[in-house]
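In what follows, a structure is listed as C-alpha coordinates, so that the remarks can point back to it.
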Amino acid sequence: KFGAGQAKQYLDANEAALQKYRELCRGMDCDFEEMTAYVYSLNDRRKIERELDALEKLGVPGEFTDRLPLPFPVAGAVRYPNQAQFHPLKWIAAISKSLHICEHTPVRELVGTTAITDYGKVTANKIIVATHFPFLNKHGSFFAKLYQHRSYVTALQNAQDMDGMYADESKTGLSFRNYGNLLLLGGGSHRTGKKGGGWKELEHAKARFYPESEEICRWAAQDCIPYIGAYSRNTPDFYVAAGFNKWGMTSSMAAALLLRDQILERENEWSPVFAPDRSILHPQLFVNGIESAINLLTPS
(Lines give C-alpha, C1' and ligand atoms only; values in the text may rest on other atoms or scores of the structure.)
Protein backbone atom coordinates (compact mmCIF):
# COMPACT_ATOMS: atom_id res chain seq x y z
CA LYS A 1 0.00 0.00 0.00
CA PHE A 2 2.68 2.51 0.96
CA GLY A 3 5.66 1.55 -1.19
CA ALA A 4 8.90 -0.35 -0.71
CA GLY A 5 10.56 2.48 1.22
CA GLN A 6 8.08 2.58 4.09
CA ALA A 7 7.73 -1.20 4.08
CA LYS A 8 11.50 -1.48 4.55
CA GLN A 9 11.45 1.09 7.35
CA TYR A 10 8.70 -0.84 9.15
CA LEU A 11 10.59 -4.10 8.70
CA ASP A 12 13.87 -2.55 9.90
CA ALA A 13 12.15 -1.17 13.01
CA ASN A 14 10.81 -4.60 13.96
CA GLU A 15 14.11 -6.37 13.21
CA ALA A 16 15.99 -3.81 15.32
CA ALA A 17 13.53 -4.44 18.13
CA LEU A 18 14.05 -8.19 17.88
CA GLN A 19 17.83 -7.70 18.04
CA LYS A 20 17.41 -5.50 21.12
CA TYR A 21 15.41 -8.29 22.80
CA ARG A 22 18.18 -10.75 21.95
CA GLU A 23 20.67 -8.50 23.74
CA LEU A 24 18.47 -7.84 26.78
CA CYS A 25 17.36 -11.45 27.20
CA ARG A 26 20.88 -12.84 27.54
CA GLY A 27 21.11 -14.25 31.02
CA MET A 28 17.48 -13.35 31.73
CA ASP A 29 15.00 -16.01 32.83
CA CYS A 30 12.20 -15.20 30.36
CA ASP A 31 12.05 -18.34 28.17
CA PHE A 32 13.46 -16.54 25.11
CA GLU A 33 13.76 -18.92 22.16
CA GLU A 34 14.48 -18.52 18.47
CA MET A 35 11.76 -19.88 16.19
CA THR A 36 10.73 -19.86 12.55
CA ALA A 37 7.58 -17.91 11.68
CA TYR A 38 5.12 -18.80 8.92
CA VAL A 39 2.36 -16.80 7.27
CA TYR A 40 -0.01 -19.10 5.41
CA SER A 41 -2.97 -18.78 3.10
CA LEU A 42 -5.76 -21.33 3.02
CA ASN A 43 -6.79 -20.79 -0.58
CA ASP A 44 -4.79 -18.06 -2.32
CA ARG A 45 -1.28 -19.07 -3.37
CA ARG A 46 -0.90 -15.82 -5.27
CA LYS A 47 -1.03 -13.78 -2.03
CA ILE A 48 1.91 -15.76 -0.71
CA GLU A 49 3.83 -15.30 -3.96
CA ARG A 50 3.24 -11.55 -3.82
CA GLU A 51 4.53 -11.49 -0.24
CA LEU A 52 7.67 -13.34 -1.34
CA ASP A 53 8.14 -10.89 -4.21
CA ALA A 54 7.92 -8.01 -1.73
CA LEU A 55 10.48 -9.62 0.57
CA GLU A 56 12.84 -10.16 -2.36
CA LYS A 57 12.58 -6.48 -3.33
CA LEU A 58 13.45 -5.54 0.25
CA GLY A 59 16.45 -7.87 0.23
CA VAL A 60 15.35 -10.04 3.14
CA PRO A 61 15.05 -13.84 3.39
CA GLY A 62 11.81 -15.65 2.80
CA GLU A 63 10.99 -19.10 1.47
CA PHE A 64 7.88 -20.66 -0.02
CA THR A 65 6.45 -23.84 1.44
CA ASP A 66 3.15 -25.65 1.24
CA ARG A 67 4.05 -28.40 3.68
CA LEU A 68 3.14 -27.34 7.20
CA PRO A 69 2.23 -29.35 10.32
CA LEU A 70 -1.16 -27.63 10.46
CA PRO A 71 -4.31 -29.71 10.89
CA PHE A 72 -5.59 -28.62 7.46
CA PRO A 73 -4.15 -28.13 3.96
CA VAL A 74 -2.89 -24.72 2.81
CA ALA A 75 -2.32 -23.11 -0.57
CA GLY A 76 1.11 -21.94 0.50
CA ALA A 77 3.09 -20.13 3.16
CA VAL A 78 6.02 -17.78 3.64
CA ARG A 79 8.71 -19.29 5.85
CA TYR A 80 10.57 -16.58 7.74
CA PRO A 81 13.54 -17.78 9.85
CA ASN A 82 15.30 -16.33 12.90
CA GLN A 83 12.23 -14.99 14.71
CA ALA A 84 11.61 -15.47 18.43
CA GLN A 85 9.18 -15.64 21.32
CA PHE A 86 9.45 -15.16 25.09
CA HIS A 87 7.34 -14.98 28.22
CA PRO A 88 6.29 -11.30 28.51
CA LEU A 89 5.47 -11.32 32.24
CA LYS A 90 8.81 -12.92 33.13
CA TRP A 91 10.54 -10.35 30.92
CA ILE A 92 8.70 -7.44 32.56
CA ALA A 93 9.53 -8.78 36.04
CA ALA A 94 13.23 -8.94 35.19
CA ILE A 95 13.55 -5.64 33.32
CA SER A 96 11.58 -3.59 35.88
CA LYS A 97 13.58 -4.52 38.99
CA SER A 98 15.47 -1.21 39.02
CA LEU A 99 12.51 0.98 38.04
CA HIS A 100 10.25 3.09 40.27
CA ILE A 101 6.68 2.22 39.29
CA CYS A 102 3.53 3.69 40.88
CA GLU A 103 0.56 1.38 40.41
CA HIS A 104 -3.10 2.21 41.10
CA THR A 105 -2.37 5.90 40.52
CA PRO A 106 -4.59 7.10 37.66
CA VAL A 107 -3.69 10.41 36.05
CA ARG A 108 -6.81 12.60 36.19
CA GLU A 109 -5.47 15.46 34.13
CA LEU A 110 -2.34 16.69 32.36
CA VAL A 111 -1.47 20.37 32.68
CA GLY A 112 1.55 21.16 30.57
CA THR A 113 4.01 18.49 31.62
CA THR A 114 2.47 18.03 35.05
CA ALA A 115 0.38 14.94 35.77
CA ILE A 116 -2.42 15.40 38.31
CA THR A 117 -3.22 12.32 40.42
CA ASP A 118 -5.34 11.66 43.52
CA TYR A 119 -2.15 11.62 45.60
CA GLY A 120 -0.28 14.60 44.25
CA LYS A 121 1.35 16.10 41.20
CA VAL A 122 4.18 14.67 39.11
CA THR A 123 6.16 17.10 36.98
CA ALA A 124 8.55 16.06 34.22
CA ASN A 125 10.50 17.57 31.35
CA LYS A 126 8.99 15.09 28.89
CA ILE A 127 5.90 12.88 29.10
CA ILE A 128 5.08 9.75 27.12
CA VAL A 129 1.43 8.76 27.01
CA ALA A 130 1.59 4.97 26.67
CA THR A 131 -1.98 4.09 27.62
CA HIS A 132 -2.78 1.82 24.67
CA PHE A 133 -5.51 4.25 23.57
CA PRO A 134 -4.50 7.93 24.05
CA PHE A 135 -6.69 9.64 26.64
CA LEU A 136 -6.17 13.31 25.69
CA ASN A 137 -9.05 13.96 23.28
CA LYS A 138 -8.31 17.68 22.92
CA HIS A 139 -5.16 16.94 20.93
CA GLY A 140 -4.17 14.54 18.19
CA SER A 141 -7.73 13.44 17.20
CA PHE A 142 -6.85 9.87 18.10
CA PHE A 143 -10.50 9.11 18.88
CA ALA A 144 -11.22 9.58 15.16
CA LYS A 145 -8.14 7.79 13.84
CA LEU A 146 -8.15 4.65 15.99
CA TYR A 147 -10.48 1.73 16.47
CA GLN A 148 -10.03 -1.46 18.47
CA HIS A 149 -9.77 -4.94 16.98
CA ARG A 150 -10.28 -7.89 19.34
CA SER A 151 -8.73 -11.37 19.16
CA TYR A 152 -8.85 -14.51 21.31
CA VAL A 153 -6.43 -17.22 22.47
CA THR A 154 -6.94 -20.57 24.17
CA ALA A 155 -4.13 -22.65 25.71
CA LEU A 156 -4.55 -26.38 25.02
CA GLN A 157 -2.90 -29.30 26.76
CA ASN A 158 -2.44 -32.65 24.96
CA ALA A 159 -2.59 -30.93 21.58
CA GLN A 160 0.23 -30.59 19.04
CA ASP A 161 3.87 -29.51 18.95
CA MET A 162 3.96 -27.11 15.99
CA ASP A 163 7.74 -26.39 15.97
CA GLY A 164 7.20 -22.79 14.88
CA MET A 165 4.78 -19.86 14.87
CA TYR A 166 1.96 -19.80 12.32
CA ALA A 167 -0.40 -16.98 11.35
CA ASP A 168 -3.10 -16.84 8.67
CA GLU A 169 -2.73 -13.97 6.22
CA SER A 170 -6.46 -13.41 6.69
CA LYS A 171 -7.32 -11.14 9.62
CA THR A 172 -10.00 -13.62 10.67
CA GLY A 173 -7.86 -16.78 10.44
CA LEU A 174 -6.26 -19.00 13.07
CA SER A 175 -2.80 -18.75 14.62
CA PHE A 176 -0.74 -21.51 16.25
CA ARG A 177 2.35 -21.69 18.45
CA ASN A 178 3.56 -23.54 21.50
CA TYR A 179 4.65 -22.53 24.95
CA GLY A 180 6.12 -25.45 26.87
CA ASN A 181 3.64 -28.31 26.61
CA LEU A 182 0.76 -26.02 25.64
CA LEU A 183 -0.56 -25.17 22.20
CA LEU A 184 -1.70 -21.54 21.96
CA LEU A 185 -4.55 -21.44 19.46
CA GLY A 186 -5.63 -17.94 18.41
CA GLY A 187 -8.42 -16.57 16.27
CA GLY A 188 -12.01 -15.39 16.30
CA SER A 189 -10.92 -11.82 15.51
CA HIS A 190 -13.40 -9.01 14.94
CA ARG A 191 -13.71 -5.28 15.41
CA THR A 192 -14.48 -4.57 19.05
CA GLY A 193 -18.22 -4.14 19.56
CA LYS A 194 -19.06 -5.87 16.29
CA LYS A 195 -20.04 -9.47 15.67
CA GLY A 196 -17.29 -12.00 14.96
CA GLY A 197 -16.04 -15.51 15.59
CA GLY A 198 -15.01 -14.97 19.20
CA TRP A 199 -14.71 -17.89 21.60
CA LYS A 200 -17.14 -20.02 19.58
CA GLU A 201 -14.71 -20.09 16.66
CA LEU A 202 -11.89 -21.37 18.88
CA GLU A 203 -14.16 -23.89 20.57
CA HIS A 204 -15.18 -25.19 17.15
CA ALA A 205 -11.52 -25.41 16.03
CA LYS A 206 -10.56 -27.27 19.22
CA ALA A 207 -13.40 -29.77 18.77
CA ARG A 208 -12.55 -30.29 15.11
CA PHE A 209 -8.75 -30.44 15.19
CA TYR A 210 -7.85 -31.39 18.78
CA PRO A 211 -10.82 -33.25 20.29
CA GLU A 212 -8.62 -35.00 22.89
CA SER A 213 -7.07 -31.77 24.17
CA GLU A 214 -7.94 -29.93 27.37
CA GLU A 215 -8.30 -26.19 27.66
CA ILE A 216 -6.09 -24.86 30.48
CA CYS A 217 -6.86 -21.16 30.15
CA ARG A 218 -8.11 -18.54 27.71
CA TRP A 219 -7.76 -14.82 27.25
CA ALA A 220 -8.64 -12.03 24.86
CA ALA A 221 -6.85 -8.86 23.81
CA GLN A 222 -7.56 -5.88 21.64
CA ASP A 223 -5.35 -3.53 19.72
CA CYS A 224 -5.34 -0.76 17.14
CA ILE A 225 -2.96 0.59 14.51
CA PRO A 226 0.29 2.14 15.78
CA TYR A 227 0.89 5.85 16.26
CA ILE A 228 4.29 6.60 17.80
CA GLY A 229 5.95 10.01 18.12
CA ALA A 230 4.96 13.56 19.05
CA TYR A 231 1.44 13.58 20.52
CA SER A 232 0.42 16.57 18.39
CA ARG A 233 1.87 19.73 16.95
CA ASN A 234 0.33 21.76 19.77
CA THR A 235 1.75 19.72 22.68
CA PRO A 236 5.52 20.20 22.97
CA ASP A 237 7.35 17.69 25.16
CA PHE A 238 4.44 15.23 24.83
CA TYR A 239 4.90 11.89 23.10
CA VAL A 240 2.63 8.94 22.42
CA ALA A 241 2.91 5.20 21.89
CA ALA A 242 -0.53 3.91 20.92
CA GLY A 243 -1.66 0.62 19.46
CA PHE A 244 0.73 -1.90 17.91
CA ASN A 245 -1.49 -3.62 15.32
CA LYS A 246 -1.36 -6.93 17.23
CA TRP A 247 2.43 -6.96 16.88
CA GLY A 248 3.04 -5.70 20.37
CA MET A 249 6.32 -7.33 21.35
CA THR A 250 8.53 -5.86 18.64
CA SER A 251 6.40 -2.75 18.04
CA SER A 252 6.62 -1.73 21.71
CA MET A 253 10.40 -2.07 21.63
CA ALA A 254 10.52 -0.15 18.33
CA ALA A 255 8.44 2.54 20.06
CA ALA A 256 10.92 2.69 22.95
CA LEU A 257 13.87 3.07 20.60
CA LEU A 258 12.11 5.65 18.42
CA LEU A 259 10.89 7.79 21.33
CA ARG A 260 14.32 7.63 22.97
CA ASP A 261 15.84 9.10 19.81
CA GLN A 262 13.17 11.79 19.47
CA ILE A 263 13.53 12.90 23.10
CA LEU A 264 17.32 13.03 22.71
CA GLU A 265 16.84 14.88 19.39
CA ARG A 266 18.50 12.17 17.35
CA GLU A 267 17.55 11.22 13.80
CA ASN A 268 15.46 8.06 13.47
CA GLU A 269 14.65 6.73 10.00
CA TRP A 270 11.50 4.94 11.16
CA SER A 271 9.73 8.10 12.37
CA PRO A 272 7.61 8.72 9.23
CA VAL A 273 6.14 5.20 9.31
CA PHE A 274 4.69 5.59 12.81
CA ALA A 275 4.22 9.39 12.96
CA PRO A 276 0.91 10.39 14.60
CA ASP A 277 0.51 13.26 12.10
CA ARG A 278 0.84 11.04 9.02
CA SER A 279 -1.99 11.08 6.51
CA ILE A 280 -5.19 9.47 7.74
CA LEU A 281 -7.29 10.13 4.63
CA HIS A 282 -8.82 6.72 4.11
CA PRO A 283 -12.38 5.28 4.30
CA GLN A 284 -11.93 4.07 7.88
CA LEU A 285 -11.63 7.68 9.08
CA PHE A 286 -15.14 8.42 7.75
CA VAL A 287 -16.51 5.29 9.45
CA ASN A 288 -14.83 6.21 12.75
CA GLY A 289 -16.23 9.74 12.56
CA ILE A 290 -19.79 8.54 11.98
CA GLU A 291 -19.58 6.00 14.81
CA SER A 292 -18.12 8.57 17.22
CA ALA A 293 -20.99 10.94 16.45
CA ILE A 294 -23.57 8.17 16.98
CA ASN A 295 -22.00 7.20 20.30
CA LEU A 296 -22.05 10.81 21.51
CA LEU A 297 -25.75 11.14 20.66
CA THR A 298 -26.85 7.75 22.03
CA PRO A 299 -28.20 7.85 25.62
CA SER A 300 -26.40 5.46 27.98
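The values are calculated or read from the model by the stated rules, or taken from the named source; none is laboratory data. None of the values given here were measured: they were computed from a predicted structure. Please note: Cβ atoms are built from the backbone with ideal geometry, for glycine as well, and neighbour counts cover all protein chains shown. Just so you know, the surface numbers come from the protein's heavy atoms only, side chains and all, with ligands and any DNA or RNA stripped out. Shrake-Rupley method; radii C 1.70, N 1.55, O 1.52, S 1.80 Å.
Which of the residues belonging to region 127-145 are assigned to a strand (DSSP E or B) and either buried (at least 16 other Cβ atoms within 10 Å of the Cβ) or polar (S, T, N, Q) (or both)? Selection gives Ile127, Ile128, Val129, Thr131, His132. Six or more apart or on different chains, Cβ under 6 Å: which pairs go from a residue in region 148-167 that's under 17 Å from Ala220 (Cβ atoms) to one that's part of a loop (DSSP other than H, G, I, E, B) and among the polar types (S, T, N, Q)? Could you list them? Close Cβ pairs satisfying both conditions: Gln148/Thr192; Arg150/Thr192; Leu156/Ser213. When region 102-124 is limited to residues that are in a strand (DSSP E or B), of a type in the set (A, V, I, L, M, F, W, C) and at pLDDT 90 or above, the one that is farthest from Pro134 (Cα to Cα) turns out to be Val122. Just one of the numbered conditions (1) farther than 26 Å from Pro71 by Cα; (2) in a loop (DSSP other than H, G, I, E, B) is not true of Asp163: (1). Tell me which residues, restricted to region 116-126, are of a type in the set (Ser, Thr, Tyr) and either more than 17 Å from Asp237 (Cα to Cα) or surrounded by 14 or more Cβ atoms within 10 Å (Cβ to Cβ) (or both). If the condition is that a residue be of a type in the set (Ser, Thr, Tyr) and either more than 17 Å from Asp237 (Cα to Cα) or surrounded by 14 or more Cβ atoms within 10 Å (Cβ to Cβ) (or both), then Thr117, Tyr119 are the ones that fit. May I ask you to list the residues in region 168-179 that are in contact with an Asp or Glu (Cβ under 8 Å, 6 or more places away or on another chain) and in contact (Cβ under 8 Å) with a residue 24 or more places away in the chain? Within region 168-179, Glu169, Leu174, Tyr179 meet the criteria.
Rundown of residues vs (1) open to solvent by 20 Å² or more (accessible area, probe 1.4 Å); (2) β-branched (Val, Ile, Thr); (3) in a strand (DSSP E or B), yes/no style:
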position: Lys200; (1), (2), (3): yes, no, no
position: Pro211; (1), (2), (3): yes, no, no
position: Glu215; (1), (2), (3): yes, no, yes
position: Ala220; (1), (2), (3): yes, no, yes
position: Gly229; (1), (2), (3): no, no, yes
position: Arg233; (1), (2), (3): yes, no, no
position: Pro236; (1), (2), (3): yes, no, no
position: Phe244; (1), (2), (3): yes, no, no
position: Met249; (1), (2), (3): yes, no, no
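For region 166-188: of the residues being hydroxyl-bearing (Ser, Thr, Tyr) and not in a loop (DSSP other than H, G, I, E, B), which is farthest from Glu214 (Cα to Cα)? The residue in question is Tyr166. Among the residues of region 257-277, which ones are of a type outside the set (Asp, Glu) and either without any contact (Cβ under 8 Å) to a residue 12 or more places away in the chain or out of contact with any Phe, Trp or Tyr (no Cβ under 9 Å at 6 or more places or on another chain) (or both)? Matches in region 257-277: Arg260, Leu264, Arg266, Asn268, Ser271, Pro272.
Look at Leu55 and say whether it is at pLDDT 95 or above, in contact with a strand residue (DSSP E or B) (Cβ under 8 Å, 6 or more places away or on another chain) and open to solvent by less than 70 Å² (accessible area, probe 1.4 Å). For Leu55, the condition - at pLDDT 95 or above, in contact with a strand residue (DSSP E or B) (Cβ under 8 Å, 6 or more places away or on another chain) and open to solvent by less than 70 Å² (accessible area, probe 1.4 Å) - is not met.
Tell me whether region 208-225 contains one or more residues that are in contact with an Asp or Glu (Cβ under 8 Å, 6 or more places away or on another chain), farther than 26 Å from Cys25 by Cα and at pLDDT 95 or above. Checked region 208-225: no residue is in contact with an Asp or Glu (Cβ under 8 Å, 6 or more places away or on another chain), farther than 26 Å from Cys25 by Cα and at pLDDT 95 or above.
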